[in-house]
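Below is one structure, written out as structure tokens; comments come after it.
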Amino acid sequence: MYKLPVFYATTDGHTRRIAETIASVLREQGLQSEAIELSSRMPHPNWINIRSAVVGASVHAGHHQRAAADFISREAQHLNVRPAAFFSVSLSAASSTPSKLDMIRSIATKFVRDAGWQTDRIACFAGKLAYTKYGFIKRFIMRRIAAAEGGPTDTSRDHEFTDWGAVREFALKVADAAHGEAPVQAVS
């Protein structure tokens, strides 16, 4: 059994749910996996027993969390020699407009490339309008954005857009890649 951690950065908690779901599917596939929140206090992972990894972050105002960028930059040499994957979470990924979907994919691809990671395993998942978790100002702003996009404006409840089947499919592809790769030699 090999370790396959799912590192993630979250702002409102939804990326955590997606990371935990991915880790759960990986465990179902016989891989030792857990979701690990990224933070500035987090020690370097021990890559010796890590066969593969997943990193996830959410997009806010066109940018992923700094904790994810710092982690990827610091650990790129290890991520680049494993069948590692990245997932991005945003409300824009719920759009039916091809140009918005291309834009969010470009943001995710540019994010990992700018951090020095060369992976082609990138997925973009729709997030959640967490109106009940937002403060007054953020709720007001998010409601206006949703209204302009034709989205839900009922702020008395949250509105989830995540395609959990797509999350599961992504996790299964990650598991297949991890099972198919030879163990990685440690990078010093």
TODO: Please give the number of the condition Val187 fails out of (1) surrounded by 15 or more Cβ atoms within 10 Å (Cβ to Cβ); (2) at pLDDT below 90; (3) assigned to a loop (DSSP other than H, G, I, E, B).
DONE: (1)
- [ ] Kindly indicate whether Ile72 is touching a Leu at 6+ places or on another chain (Cβ under 9 Å), within 18 Å of Thr109 (Cβ to Cβ) and not basic (Lys, Arg).
- [x] yes
Task: Flag if Thr119 is in a helix (DSSP H, G or I) and of a type outside the set (A, V, I, L, M) - done: no
Open item on the list: Need pairs with beta-carbon distance below 6 Å; first residue over 13 Å from Ala67 (Cα atoms) and within segment 36-50, second assigned to a loop (DSSP other than H, G, I, E, B); sequence gap 6+ or separate chains.
Closed with: Ile48/Ala186
Open item on the list: Restricting to segment 81-102, give me the number of residues that are surrounded by 15 or more Cβ atoms within 10 Å (Cβ to Cβ), part of a helix (DSSP H, G or I) and out of contact with any Cys (no Cβ under 9 Å at 6 or more places or on another chain).
Closed with: 2
- [ ] For segment 104-139, name all the residues that are out of contact with any strand residue (DSSP E or B) (no Cβ under 6 Å at 6 or more places or on another chain), free of Cβ contacts under 8 Å to residues at least 40 places away in the same chain, of a type in the set (A, V, I, L, M, F, W, C) and crowded, with 16+ Cβ neighbours inside 10 Å.
- [x] Ala126
- [ ] Quick one: Arg157 ticks every box in (1) surrounded by 14 or more Cβ atoms within 10 Å (Cβ to Cβ); (2) touching a residue at least 24 places away in the same chain (Cβ under 8 Å); (3) part of a loop (DSSP other than H, G, I, E, B) except a single one, so which number is it?
- [x] (1)
Task: One residue from Ser99, Ser156 being modelled with pLDDT of 85 or more, assigned by TED's automatic domain parsing to the domain that holds Gly56 and among the polar types (S, T, N, Q) - done: Ser99
- [ ] Quickly run through segment 34-59 and pick out the residues that are among the aliphatic types (A, V, I, L, M), closer than 18 Å to Gln77 by Cα and surrounded by 16 or more Cβ atoms within 10 Å (Cβ to Cβ).
- [x] Leu38, Ile50, Ala53, Val54, Val55
TODO: Provide a single number: the residues in segment 6-26 that are farther than 19 Å from Ala166 by Cβ and surrounded by fewer than 22 Cβ atoms within 10 Å (Cβ to Cβ).
DONE: 3
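The values are calculated or read from the model by the stated rules, or taken from the named source; none is laboratory data. Every value quoted in this text rests on a predicted model; they were computed, and no experiment measured them. We place every Cβ from the backbone using ideal geometry, glycine too, and count neighbours over all the protein chains shown.
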